[in-house]
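Read the structure below first, then the notes.
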Amino acid sequence: MFAHLFQTPQEPQKSFYVADQGVDAWGQLTPLASTFDHVDHVFYFTMWMCVFFFVLIAAVLGWSVLKYRRVRFDQPAASNVTHNTPLEVVWTVIPLILVMIIFAWGWKGSLDMAVAPQDARNYKATAAQWSWTFRYHNDPGSSLNELWLEVDKPAAFTLESKDVLHAFFIPSMRCKRDVVPGRNQRIWFTPTRLGDYHLFCAEYCGKDHSLMYAKVHVVTAEQYGKRPWDTEDPDPKVNGQRTYEALCKSCHAVAGPNTAIAPSWFGLYGKSEAVIEGGQEKTITVDDAYLIESIRNPSAKIVKGYESAGRMSPFDQGQVSDRKLGFIIEYIKSLK
Amino acid sequence: MTTHTPHVDVHSGAHTGTTNYLNNTSGFMSWAGTLDHKRIGLMYLIGVSMAFLAGGIFALLVRLHLWSPDGALFTNEAYNQIFTLHGAFMVFLFVIPAIPASLGNMVLPLMLGAKDVALPRLNLLSFYLWVTGAALAMYSILAGGFDTGWTFYAPYSLYTNQAVISIGLGIFILGFSSIFTGLNFIVTTHKLRAPGLTWFRMPLFVWAIYATSILQVLATPVLGITVALVALERTYHIGIFDPRLGGDPVLFEHFFWFYSHPAVYIMVLPAFGIISECVSVHSRKPLFGYKMIAFSSLAIAIISFLVWGHHMFTSGQSTYAMFAFSFLTFFVAIPTAIKEFSWVATVWKGSIDLNSPMLYTLAFLIIFAIGGLTGVILGVLNVDIHLHDTYYVVAHFHYVMMGSISLAFFAGLHHWWPKMFGVMYNESLAKLACAIIFIGFNATFIPQFIMGSRGMPRRYAEYAAEYQPFHQASTIGAMILGCGVALMFGYLLASLFAGKKAMQNQWGGVTLDWMTPTPPPLENFHQTPVWRGEVYDYSTLDLRSTQTPVS
């Protein structure tokens, strides 16, 4: 009855998270890799202030319990004091002053994070279930689930969602912004250390939320100039497979039969398929035109049996260029 | 010397002995159709305890799954459903109704010197609405489950192919249960106080329940409207929250948190009330700063309506909104700090009885200090941008909801258990269980603070390997916590069958709930009690009542 809830043992292990540079055994925060050091300053100041008040409270409680423990059943309290106005004023006013300082400090920091500097380089990040696509300034190319940034160069992002809420979160950069469908959000930061970092989706977005992950490579200006995101394999099938692993793998299998979520790609090309188009059932042959339509406008023809399954998001030119689409078709043709 | 209730002689046993609310009638219908607030409270207690156990089992499954970075047990879909069930059961079926509807129902009329709540039939209706909501939640599991998270954020909740409408209906109905209970308690507090029991002589538990009730009546309708709109949007595609139809998903967040932030105080204010009672009775000392505690409950109730945007600092709301919401959030910290300091000052120079309700209370004071102080860290704008939606937030609200509210619920349960049933549980086991729960709880959630501030996002079925040690420590802690809770339920149930007789006034309380026979008779007091003197005046305590077993 519950077997379908459990993982199958042969499911491939897919731990693809990079080793983040920011592993530090003792810090409460990951080591900072951007210019937003005010986050760390306010965090540690507030944390130590909280530790102070916690120790104060615990010490008074502990001492009271030791000193004033009831030993006879009829023992009265050592004091019946019900209030002490000076004390109450002190413990109201001092915390009030402290939290106002913290508030103002944190607010000033958040203003720094709100507006990108003039010389920032622009990027566009497109979030979809469950992938990140990055586009670069003055560059027709794009990269999937990998992002290259130049060290010490402010990077400003326009965030766009294709389907549901997501959030753009790079812990080492101390930045986070929800990606909201229907509006363009902005976020910026300046990476200050070379290395690889996590980019997580921080807003729950469905089945593979935890696999919606990108590697952030912070590189030198020289390495950045070589445009590492544009590398392409001479074999179109290999390029198609890369796109598959970045965008399609969450739902579509490439070996074995159809799953409950989506049709398998194995032996798909050239096969006869029963589909529902506009409420009418018809039989088509899987060819280039059908595959292109199924990626650009997946709801046009739905394979019979998947009418009530979750809908696939459409992929536009920005995420999957016509060239990449051709690679995917070559890859599907090779799956026999 | 003034006496509070000269009419109620608890020592002679003249009025006690033969019948009380548990045994005055019997048979299924005498319970299912009862209008007695104590029986309704008891049925609620059974219901919310079952919901707590179910939610707890879901929590243990979540923790077991997170033992390994690839997920140890479930598929990602199943994991998403399980964490959603954990949140939805714990929030809607346990934490919100737990204290007001079970212990509040039981104790509020006793503390006021009333025969019952003002509207007993409405009280029974509230219970059956709760049962209907719980049944719909169970049905939603059987109908395929739901994987939206307990927050039901649009547009995912509009698109997902799961039982969102039936759980939405369940939450809608549970909302009415909550509203009716709140309304009932407001009327009861206004109209049914005993002669002489003026507002500033009411026990602080009554103040807390009163402030909670105001929040329940004012905030819960917004939740009902929001889930109704989600259901309409899913069914008729009217375009309120769905961006594909011109709707705005951020509007959903505003609606949702407009209820769900005050809901945090619907959950925590009754816990404050229990702690105020326990601190005073078990220190045998008047509460320090009674009026400040009472007013701070009301202040929290009011300010809590104005801070919902602090759940949305990364959502893209305007800079000015961020300013206002962060600023106001810090104003919740002040009345909360006043309460904590006042409780600590009450313990100071008391006559401290280290019995199990007091141990749970002391555990609360430690854990709530951590939960409250980490809330200050999360209220800071730039820091919250980093910590939002990470395990740091998860740990923070578990320190408040599980650590503080549930521990206060346990403290109240142990405090009023002898009153409710006339029997005592095994005190040694109770102290042991409290220690196990305290250790297990901290072992579960301290690692979550660390991995959260290092960037571990919440609601992840799989995670990066560097977080594994923290997840494993947390899982071990959760198992310890689970053992402690199981032990607690075990000895409490055992006491009903083999418990020693409790004393008439087990702990030496001086509020009206301890002035009736134990367990109380059908209409609580044989004669209307008349209150004279101040509240929490332990010079009036008749120590014989703490040494006289129930007959």
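Quick look at the values:
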| item | result |
| --- | --- |
| Label zone at B:T198, where the point sits 7 Å out along the Cα-to-Cβ direction: the stretch A:80-121 residues whose backbone N lies under 19 Å | A:82-83 |
| Segment A:D288-A:A221, length gained on full extension (0.36 nm per residue, minus Cα span) | 20.1 nm |
| Stokes-Einstein D (µm²/s) once Rh is taken as the Kirkwood radius of the protein assembly as shown over alpha-carbon pairs, at 20 °C in 1.002 mPa s | 73 |
| FRET E, pair A:A78, B:L142, Förster distance 45 Å, beta-carbon r, rounded to 0.05 | 0.15 |
| Label-point separation in nm, B:Q472 to A:I94, each point 7 Å along Cα→Cβ | 4.3 |
| Stretch gain in nm, segment B:I439-B:N161, where the contour uses 0.36 nm per residue and the Cα spacing is subtracted | 96.0 nm |
| Amide H within-cut-off set for A:F6, under 5 Å, with H built and near neighbours excluded | B:T75 |
| Contact order relative to length of chain B, as percent, for alpha carbon pairs under 8 angstrom and 6 or more apart | 22 |
| Cα centroid of the stretch B:467-536 to Cα centroid of the stretch B:298-350, whole Å | 30 |
| Per residue, in Å², the accessible surface of the protein assembly as shown once ligands and nucleic acids are set aside, probe 1.4 Å | 37 |
| Whole-Hz ³J(HN,Hα) from phi, Karplus 6.51 cos²θ - 1.76 cosθ + 1.60, for the stretch A:267-279, glycine and proline x | x, 6, 5, x, 7, 7, 10, 7, 10, 10, 10, x, x |
| Residue list for the stretch B:132-168, given a label point 7 angstrom along the Cα-to-Cβ vector of B:I57 and an amide N cut-off under 17 Å | B:134-146 |
| Distance in nm between pseudo-label sites at A:H137 and A:N184 (7 Å out along the Cβ direction from Cα) | 1.5 |
| Label point at B:L122 placed 7 Å out along Cα→Cβ; residues across the stretch B:213-236 whose backbone nitrogen lies under 16 Å | B:213-221 |
| Between helix B:468-498 and chain B: long-axis angle, C-alpha atoms, 0 to 90°, nearest 10 | 30 |
| For chain A, built as a Gaussian network whose Cα springs stay under 10 Å, the top-fluctuating residue of A:D139, A:D178, A:D287 | A:D139 |
| Percent RCO, i.e. relative contact order, over the stretch B:178-293, from Cα pairs under 8 Å lying at least 6 residues apart | 31 |
| Carbon/sulfur fraction of accessible area - chain B, other protein chains in place, 1.4 Å, % | 71 |
| Residue-span extension gain [A:L56 to A:E245] - 0.36 nm each, minus C-alpha spacing | 62.6 nm |
| Largest-first ordering by accessible area, 1.4 Å probe, given options B:H471, A:H252 | A:H252, B:H471 |
| Spin-label model distance (nm) - A:D316 vs B:L64, 7 Å beyond Cα toward Cβ | 4.6 |
| Amide proton proximity set for A:R70, modelled H, under 5 Å, gap of 5+ | B:I352, B:D353, B:L354 |
| Share antiparallel - DSSP beta bridges, the protein assembly as shown, percent rounded to 5 | 75 |
| Above-threshold pairs, the threshold being 25 Å between Cα atoms, out of B:K191/B:K501; A:K237/A:K271; A:K207/A:K304; A:K67/B:K339 | B:K191/B:K501 |
| Nearest-0.05 FRET efficiency for B:T25 and B:V530, computed from C-beta distance (R0 30 Å) | 0.55 |
| Among A:T126, A:T220, A:T190: highest mean-square fluctuation, GNM of chain A, C-alpha pairs under 10 Å | A:T220 |
| Candidate residues A:T35, B:T374: accessible-area rank, largest first, probe 1.4 Å | A:T35, B:T374 |
| Other-chain or far-sequence residues with amide H under 5 Å of A:S34's (modelled H) | A:T192 |
| Alpha-carbon centroids, the stretch A:211-274 and the stretch B:22-91: separation in whole Å | 43 |
| Rounded percent of accessible protein surface that carbon and sulfur make up, chain A, 1.4 Å probe | 59 |
| Residues of the stretch A:30-46 buried by at least 50 Å² on assembly (accessible area, 1.4 Å probe, chain alone as reference) | A:F43 |
| Between B and A, accessible area buried - total, square angstrom, nearest 100, 1.4 angstrom probe | 8500 |
| For B:T151, solvent-accessible area (1.4 Å; no DNA, RNA or ligand), Å² | 10 |
| Calculated FRET value between A:D235 and A:Q118, using beta carbons and R₀ = 35 Å, to 0.05 | 0.20 |
| Test item: A:182-192 mean partner chain Cβ contacts at 10 Å | 2 |
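The values are calculated or read from the model by the stated rules, or taken from the named source; none is laboratory data. Computed from a predicted model, the values in this text were never measured in an experiment. Note that we place each Cβ from the backbone using ideal geometry, even for glycine, and neighbour counts take in every protein chain shown. Heads up: the accessible areas ignore ligands, DNA and RNA and are worked out on the full protein's heavy atoms, side chains in. Shrake-Rupley method; radii C 1.70, N 1.55, O 1.52, S 1.80 Å.
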